Amino acid sequence: MNTKNSICFIVALAISSLFSSCYKDLGNYDYIDNNKILQISDIAAQTTRTVVLGQEVRVTPAITWKYPDRDTTANAFEFRWEFNDSVVSNERNLRFTPTKIQHQAPCYLFVTEKTTGITTIHTGHITITSPFKTGWLILSESGSNSILSFIRRDTKTNDKNEKYNEYVEYKDLYSTLFPGTTLGTNPKKLSYVQITGDKDEILVLQEPDQCVYLSGDDFSKYIYLKDEFPGKQYPQGYKPADFVDAAQCTYVSGEDGVVYWKISPSFYGKLHLTQFIPVPLTMPGGLKVGFFPNIRITSSQFAPMYDTLNNRLLMCYTSFNSGGGHRMGTKIEITNNEKPADVVDVNNMGDYQLVYMGGEHPSFIMLLKQNSTGDYYYYTFSIQGSTSSFNVRATNHKQLLFPGSTFISDESVFHKLRRSAYLFFSNGSKLYFYDQATGNVKLYHDFQTGKIVKIDADAPETEIGVAFDNGDMYVCSASVAVLGASNPGQEGGILHHATGLGRIVDMIWKYGGYYNYIFERY
């Protein structure tokens, strides 16, 4: 055989081998006339892949077969669901109750045709959240002991495919979760702390040595506040009174107005890796903090403080972005040379004292009390400029005698909805709201008994929580339709009423992590 013929023979042999392999492959798959599964998806109305721990996962798959007229029941196919390396069901439709908290855990459906043994695998994901991930968290006192309660809202669907809300109460939750132990004594305040995108913590301010961070998943004690100071103890005689988790900066103020702070390596997730600086925060002219106004620091990029020593608003730079560590905590100068003469100066409030501050960057509101007259004023202004330049301008000033001034007492509490014109405030058992757009004040509801001690809103600001010193807590609608009614509290406004919660001292909305916080979602 010559060389040319040899080459042709080798090529022909190679081509023959190639076709032989293809033939075998086709014979193993395409030449078996199996009832091939073309697609697997979820029937949305009958599927719940994200559940609260203790609730049932429900997945109803929609399966598309090559031959839908053939038998597609359990007589012809085997179904197997696997989750966490265990078989959790052999039914076509998955129904099972998980036993631990997980996020986006894979769940596999194996569908095997009995006559051919061919198996199709479909992968989905399941999320099991803590029963206490998002909802209303209430701190109260009973016999000097700190009591923690929680109210969760579940959205359900009835037989008519109509959605409705159901509220689940967990009274005296800490004692239930940890029998034989106490949370602490002399409760004062709850502070929300972001840990990761889907995790959070709660700081309970109470007796100084008992101030403690709690896990947002199960409210177990994580670390005491004093342990974050050098030597795991506060400076001599220090009694924490207020706290703010301000991205890369964390501040705590004492009953004496002295502030300690620390810088974290990241805007969340590394809060406990650093200690508080053992030297009190100082400012030109001195400093005595009365309270930290509750605004959204994610948008403002500064931590606000009311300095009662100099009767001024202070702004300290912080960031939810990476970098800039050495600049964290820098005082931001507020240039205020555009204000009219009859408007308060936030750098020196003179005859006014700050009662409340709210709003959403760059527009803020202040409720001021004039010391000489006892009247209350509603002041609005904007902050212009980049906080990272450490110099901003106060603009768009407007100040007026608050129309609800006659309804306010020294014990009134306030909450401004950030994205709307409504300011809610209390007087004893009565809840009012002021519409900044119209200038009108309306009674939302007179609850008849108890004194309102806290008003707060949920993440999307569709509901407000109203807490009373007598142990009552109401969830109320903040919808435009309800607020526009003649008697909001009697016309669909009250959504839920919890009783027997002890003497409530504070209540906050628990977001469940940074993502819910930043995207303002439930």
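Details
- Selected residue (only one of Asp227, Asp159 is modelled with pLDDT under 95, out of contact with any helix residue (DSSP H, G or I) (no Cβ under 8 Å at 6 or more places or on another chain) and over 17 Å from Pro131 (Cβ atoms)): Asp159
- Hits in region 407-428 - residues which are within 20 Å of the chain's Cα centre (by Cα) and polar (S, T, N, Q): Ser420
- Taken over region 478-492, the residue count meeting the criterion of being surrounded by fewer than 21 Cβ atoms within 10 Å (Cβ to Cβ) and in contact with a Ser or Thr (Cβ under 7 Å, 6 or more places away or on another chain) is 2.
- Of all residues making up region 165-193, the number that are farther than 18 Å from Trp136 by Cβ and part of a strand (DSSP E or B): 1
- Filtered residues of region 273-288 (kept if within 19 Å of Leu309 (Cα to Cα) and either among the charged types (D, E, K, R) or touching a helix residue (DSSP H, G or I) at 6+ places or on another chain (Cβ under 7 Å) (or both)): Lys288
- Of all residues in region 44-56, those that are modelled with pLDDT under 95, assigned to a loop (DSSP other than H, G, I, E, B) and exposed (fewer than 13 other Cβ atoms within 10 Å of the Cβ) total 1.
- Some residue of region 359-370 being surrounded by 15 or more Cβ atoms within 10 Å (Cβ to Cβ), touching a Gly at 6+ places or on another chain (Cβ under 6 Å), within 24 Å of Ala421 (Cα to Cα) and touching a residue at least 24 places away in the same chain (Cβ under 8 Å): yes
- Elements of type strands (runs of 3 or more DSSP E) contained in region 437-512, each with 2 or more residues being under 16 Å from Lys416 (Cβ atoms) and of a type in the set (A, V, I, L, M, F, W, C): 452-457, 463-468, 503-510
- Residue selection: Asp345 fails the criterion of being surrounded by fewer than 19 Cβ atoms within 10 Å (Cβ to Cβ) and closer than 24 Å to Ser412 by Cβ.
- Residue satisfying all of: in region 458-511; more than 23 Å from Ser146 (Cβ to Cβ) and hydroxyl-bearing (Ser, Thr, Tyr); farthest from the chain's Cα centre (by Cα) among these: Ser486
This table checks each residue for (1) touching a residue at least 40 places away in the same chain (Cβ under 8 Å); (2) among the β-branched types (Val, Ile, Thr); (3) on the phi < 0 side of the Ramachandran plot.
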residue: Gln448; (1), (2), (3): no, no, no
residue: Lys454; (1), (2), (3): yes, no, yes
residue: Ile464; (1), (2), (3): yes, yes, yes
residue: Gly471; (1), (2), (3): yes, no, no
residue: Ser477; (1), (2), (3): no, no, yes
residue: Ser486; (1), (2), (3): no, no, yes
residue: Gly493; (1), (2), (3): yes, no, yes
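- One residue from Asp256, Asp218, Asp200, Asp242 being in contact with a strand residue (DSSP E or B) (Cβ under 8 Å, 6 or more places away or on another chain), among the acidic types (Asp, Glu), touching a residue at least 24 places away in the same chain (Cβ under 8 Å) and over 25 Å from Ile334 (Cα atoms): Asp200
The values are calculated or read from the model by the stated rules, or taken from the named source; none is laboratory data. In this text the structure is predicted, and so the values were computed from the model without any measurement. Here the Cβ is made from the backbone with ideal geometry for all residues, glycine too, and neighbour counts use every protein chain on show.
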